[in-house]
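The structure under discussion appears below in the form of C-alpha cells.
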Amino acid sequence: KELSDQIHDLAGEMFGVTRHWHRRIVRAGENTLQPFQERPPDRTIVDDDIVFLDLGPIFEEWEADFGRTFVLGDDPHKTALRDALPRVWEAGRDHFAGHPEITGAELFDYVVGVARAEGFEWGSRIAGHLIGEFPHKKIAGPGVEWIIMPGSNKPMRRTDPRGRICHWILEIHLVDRPRGFGGFYEQLLDLG
C-alpha cells in the first residue's frame, strides 16, 4: 500500500495523472501469483523479492494500461521469469501482426502456448482487453468479445459500437507455482 501511494503521488507530480480507470496494483512475493481480480493482503517487500506493478492511468480522457516486473536481488529463477515476460509479449504482438483476422480466443491460446514453451504456467483467465476513451466499458459493454480470452471469437481488428478502431492491451501473467512467484507485463498491443 505504501509503495502504491508513492507511485500515485509520483505519477501526479511527473505526468499530471490524477485519475486511474482501475485500481493500482503493486504485488510482491507470493502475491504475484494472484490474477488482477484477487485482492491479496498487503505484503512487505523484502530483499531478493519479485514485484510487479499494474497501472491504469487516464490521460486527457484516454485510458492507458502498463505493467512491469522487477527483481530485487539476483535470484536466477525470478530473473528468468522476468526476462521471459517481454519475450512472450513480443511473440504475441508478432503473431497478432501476422494474422489480420485473429480473434481474442486465438491470441489467448497462442500466448499461453508461448508461456508454456518458456517453461511457465499462465496466471490469469485473460491475456488482455480493449482500451480507449474513458471509460472503455461504456463504449464496448460487458461482453467477452472485448477481452482477449477463450470464447472471444470476433476478429480483434474491428470497430467499436461507435465506429472507432478498437485498440488492445496485451497482458502477460506468468507464474512459477512450485517456487511461489509470478510476474506481469502489459502494454498497448496495436500502436507504436
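Values quoted throughout were computed directly from the atomic coordinates according to the rules given, and no laboratory measurement underlies them. From a predicted model like this one, the values you see are computed outputs, not experimental measurements. Methodologically, a virtual Cβ is constructed for each residue, glycine included, from the backbone with ideal geometry; neighbour enumeration extends over all protein chains shown.
Data overview
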quantity: Cβ-derived FRET efficiency at R0 41 Å, E60 paired with E30, nearest 0.05; calculated: 0.65
quantity: Vicinal HN-Hα couplings computed from phi for region 156-164 (Karplus, 6.51 cos²θ - 1.76 cosθ + 1.60; Hz; Gly/Pro x); calculated: 5, 7, 7, 9, 7, x, 8, x, 8
quantity: Under Karplus coefficients 6.51, -1.76 and 1.60, residue-wise ³J(HN,Hα) of region 121-127 in Hz, glycine/proline x; calculated: 7, 7, x, 9, 7, 10, 10
quantity: Those trypsin sites (Lys or Arg not before Pro) in region 62-113 that DSSP places in a loop and that have at most 14 other beta carbons within 10 Å; calculated: none
quantity: Unit Cα scatterers, Debye sum, region 51-182: log10 I(q)/I(0) for q = 0.09, 0.13, 0.22 Å⁻¹; calculated: -0.28, -0.57, -1.32
quantity: Per-pair calculated FRET efficiency, R0 = 22 Å: D83 and R116 via Cβ, rounded to 0.05; calculated: 0.85
quantity: Loop-located GluC sites (Glu not before Pro) in region 66-132, at most 11 other Cβ atoms within 10 Å (DSSP); calculated: E101
quantity: Spatial separation of Cα centroids for region 86-127 and region 34-63, in angstrom; calculated: 21
quantity: For E101, net neighbour charge (Lys/Arg +1, Asp/Glu -1) across residues whose Cβ lies under 11 Å away; calculated: +2
